[in-house]
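Undergrad: Sharing a structure below in structure tokens format, with a few things to ask.
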Amino acid sequence: MKLKSFLTVLSLIFVAVFALSACSDEKTDTSETEGEKETIDVNKTGMPIVEDSLDLNFFAYKPAQNEDNDWNDILVWNHYKDMTNINVNWELISLDALEEKRNLALGGGQLPDAFYLSQIPNSDLLRYGQQEVFIPLNDLIEEHAPNLTKLMEEDPSIKKALTFPDGNIYSMPSLIEEDFLSLRLSARPWVNEKWLEELNMSIPETTGEFYDYLKAVKEMDPAGNGKTIPYGGTDIQELVQWMSGSFGVMNRGPSNGANIDVDPNDESKVRFYATSEEYKKMLEYLNKLYEEKLIDQSIFSIEWGQFLANASNNLYGSMIFYDPTELFGEEIGSQYNSLAALEGEDGHQQYNKISSPVWATSNLVITKENPSPEATVRWMDHFYSDEGAELYYMGVEGETFEVVDGEKKYMDHILNPEGDMTFEQSLAKQLTWLGSINGIIKSDYFQGGESAPQSMAAAEKIAPFATEEVWPRFTFTEEENKVLQSTGQDISKYAEEMRDKFITGKADLSEWDQYVETINSMNFDQFVEVYQQAYDRYKSE
């Protein structure tokens, strides 16, 4: 049994557990600040990280999947405390209270020693970094984080994503292994192969063939009584992003949002593609599907539970989702086969719906109150190593996992718990990774839906069409952030509203020129210039 894909998270980690040396040259002294902090000896390598027990206070987001566990007394953190000699006191915050309590702490409340998985936006990292509430980590990472440093050397985009225009790094990131494409794809497209066979059709390879298939499904109505839904999903965004590669837009992935990619005619420049002719053609195609009721007419408002019910009742001819077999069971899920990038009418055939390896920048942020930033950086760096990944996502050998035929697998008492307890509930009694990404996720240490055979086969099919370069989120200056938070938000909101209206026909595509003119009148040049400056910095770093 594997975890459902929407619970995905796991990180890989590599830390050599060398024999501890007591020599003074293997330790770092945490210097005192204005006489307020006592000196703490930190071992440069090996475990424990500190000789004398160190208490740290962490402010942490606690995902809903961890609702019933206590991170202050749970196997993974108890074991890591014994390894490191660092005792973390966890202040655990639910999602609905996260932003408010984080802002209270940053606005003059009680600062923790570090923020962990707290979803701090880049604008706040810069703001509080420049106010010296968050400390810069450049030198600390270089000296005390060999695993993260190695990853940044192997993939320079990681360091670029963390480095702000002032030259500082204020956080340690959540990462996805670059080669773990199945996870970076998130939801991916599927087609009901059983229905294809009944229609005597092949798996679609072009946008035209996909249209023909959906139309044939609607006419055949295999679910009966007009209940068949040719294409369905949880929202329209997934379909738009998949189709982007068939129409030559979003060519650097979705991580930056804001409808920004690289100008295909001049790769030194960014492009706002939501006013391009290519984007217009994509909307025309999607409008055709929607007008002919080949797209679920409730896709803009469908609830999660209703989507799952429809899928479980075998109503969908195609969808963009996670692993069908893992989520809907063998009987329904096995009917689906994966789709790759469809070739568009102008010959575009690229798969652009791929996240950056930098999933989030603010996995760990250290504050000025921290008594030993050196020890805290080493504490986090372990989760960029294989050993740390094994601990965080698999637990402890003999207690939560075992090695069977060379593969690490959860033990039976976790996979098949007694009574009414689910697998996820059993896992959450020992581990805390459900609902988040900590450190770096690698396929070797992940047993969620994205590593299931059906999902891995889908990723393998998509790989030849995957865009070669995916941008992480850019970083911006304080002045640039002001533009993005005003003009940028206005433009993005208007573009999204009009996208949906064009698709549904609430706005006719004959109004396209007026739409473009409206965007151009919204301080558009200033908005694009902000992204151009960020891109120029990104290229030069």
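The values are calculated or read from the model by the stated rules, or taken from the named source; none is laboratory data. Quick caveat, the model's predicted, so the values are computed rather than measured. In this analysis, Cβ positions are derived from the backbone assuming ideal geometry, glycine residues included, and neighbour counts consider all displayed protein chains. When the accessible area is computed, the model is the full protein with side chains, heavy atoms only, and any ligands, DNA or RNA have been set aside. Shrake-Rupley method; radii C 1.70, N 1.55, O 1.52, S 1.80 Å.
Undergrad: Going by accessible area, probe 1.4 Å, with all protein chains left in place, what is the ranking of Asp405, Asp412, Asp536, Asp155, largest first? Intermediate values should be presented prior to the final figure.
TA: Values: Asp405 150, Asp412 95, Asp536 70, Asp155 25 Å².
Reading off the accessible areas and sorting them downward yields Asp405, Asp412, Asp536, Asp155.
Undergrad: Can you compute the charge dipole magnitude of the range 183-337 about its Cα centre, using +1 on each Lys and Arg Cβ and -1 on each Asp and Glu Cβ, nothing else charged? Give it in debye, rounded to the nearest 20.
TA: Working: 13 positive and 25 negative charges, 68 e Å.
The dipole of the range 183-337 has a size of about 320 debye.
Undergrad: Then there is this: What Kirkwood hydrodynamic radius, in Å, does the range 452-541 give when the mean of 1/r is taken over all pairs of distinct Cα atoms and then inverted?
TA: Details: mean 1/r = 0.0619 Å⁻¹.
Computed over Cα pairs of the range 452-541, the Kirkwood hydrodynamic radius comes out at 16.2 Å.
Undergrad: Lys and Arg at +1, Asp and Glu at -1: add these up for the other residues within a Cβ distance under 12 Å of Gln489 and post the number. Spell out each step's value before the answer.
TA: Values: positive: Lys482, Lys493; negative: Asp490, Glu496.
Result for the local shell: 0.
Undergrad: Using DSSP to define loop residues, name the GluC sites (Glu not before Pro) in the range 443-536 whose beta-carbon has at most 16 other beta-carbon atoms within 10 Å.
TA: Sites meeting the loop and neighbour criteria: Glu468, Glu469.
Undergrad: Can you pull out the GluC sites (Glu not before Pro) in the range 261-317 whose DSSP state is coil and whose Cβ has at most 10 other Cβ atoms within 10 Å?
TA: When the GluC sites (Glu not before Pro) of the range 261-317 are filtered for loop state and at most 10 Cβ neighbours within 10 Å, Glu303 remain.
Undergrad: While we're on this one: Pop out the carbon and sulfur fraction of the accessible area of the chain as a percent, whole number, probe 1.4 Å. Present the calculation step by step, with values, prior to reporting the outcome.
TA: Details: 9820 of 23170 Å².
Roughly 42 percent, rounded to a whole number.
Undergrad: Another question about this same structure. How many nm separate the modelled label positions at His79 and Ser301, each set 7 Å beyond the Cα in the direction of the Cβ?
TA: Inter-label distance under the simple model: 4.9 nm.
Undergrad: OK, next. Kindly flag which residue pairs out of Lys293/Lys501; Lys353/Lys461; Lys44/Lys81; Lys62/Lys159; Lys44/Lys409; Lys280/Lys353 have an alpha-carbon separation exceeding 21 Å in this structure.
TA: Lys62/Lys159; Lys44/Lys409
Undergrad: Between Gln485 and Asp68, with labels modelled 7 Å along Cα→Cβ, what's the label distance in nm to one decimal, could you check?
TA: That separation, rounded to one decimal, is 4.1 nm.
Undergrad: On to the next question. Going through the range 136-243, which GluC sites (Glu not before Pro) have at most 14 other Cβ atoms within 10 Å and a DSSP loop state?
TA: Glu205
Undergrad: State the volume of the convex hull built on the alpha-carbon positions of the range 330-438, expressed per residue in Å³ and rounded to an integer.
TA: On the way: hull volume 24.5 nm³, N = 109.
With only Cα atoms used, the range 330-438 gives 225 Å³ per residue.
Undergrad: Select from Tyr531, Ala375, Ser94 the residue farthest towards the positive end of the dipole of the chain; place +1 on Cβ of Lys and Arg, -1 on Cβ of Asp and Glu, and compute about the Cα centre.
TA: The listed residue farthest towards the positive side: Tyr531.
Undergrad: Can you give the charge dipole size of the range 362-482 about its Cα centre, rounded to the nearest 20 debye, using +1 on the beta carbon of Lys and Arg and -1 on the beta carbon of Asp and Glu?
TA: Working: 9 positive and 23 negative charges, 59 e Å.
It comes to approximately 280 debye.
Undergrad: Only four residue types carry charge here, +1 at the Cβ of Lys and Arg and -1 at the Cβ of Asp and Glu. Report the dipole size of the range 38-193 about the Cα centre in Debye, rounded to the nearest 20.
TA: Using only the charged Cβ atoms, the result is roughly 480 debye.
Undergrad: What's the longest piece of the chain with no exposed chymotrypsin sites (Phe, Trp or Tyr not before Pro), counting a site as exposed if DSSP puts it in a loop and it has at most 16 other beta carbons within 10 Å?
TA: Value returned for the longest uninterrupted segment is 19-299.
Undergrad: As I understand it, the dipole of the range 409-541 uses +1 on the Cβ of Lys and Arg and -1 on the Cβ of Asp and Glu, about the Cα centre. Which of Gly505, Ser436, Leu484 lies farthest toward its positive end?
TA: Working it through, the farthest residue towards the positive pole turns out to be Ser436.
Undergrad: Here's a follow-up. Could you report the accessible area of Thr206 in Å², rounded to 10, computed with a 1.4 Å probe on the protein chains as they sit in the structure?
TA: Surface accessible to solvent at Thr206 totals approximately 40 Å².
Undergrad: Here is a follow-up. Ignoring everything but the protein chains, give the 1.4 Å probe accessible area of Val516 in square angstrom, nearest 10.
TA: Answer for Val516: close to 30 Å² accessible.
Undergrad: As I understand it, the value is the acute angle between the Cα axis of helix 453-462 and the longest principal axis of the Cα atoms of the chain; what does it come to in degrees, rounded to 10?
TA: Helix 453-462 sits at roughly 70 degrees to that axis.
Undergrad: When DSSP assigns beta bridges and you keep just the ones with both residues in the chain, what percent turn out antiparallel, to the nearest 5? Kindly include the intermediate steps, with their values, before the conclusion.
TA: On the way: 28 of 49 bridges.
Bridges in the chain are about 55 percent antiparallel.
Undergrad: Of the options Ala216, Thr149, Gln349, report the single residue whose Cα projects farthest towards the positive end of the charge dipole of the chain (beta-carbon charges: Lys, Arg +1; Asp, Glu -1).
TA: Of the options given, the answer is Ala216.
Undergrad: Quick check on the chain: helices-only [θ] at 222 nm, where DSSP H runs of length 4 and up contribute -39,500 (n - 2.57) each and the sum goes over total residues. Nearest 500, please.
TA: Working: 23 runs with 202 residues, N = 541.
That comes out to -10500 deg cm²/dmol.
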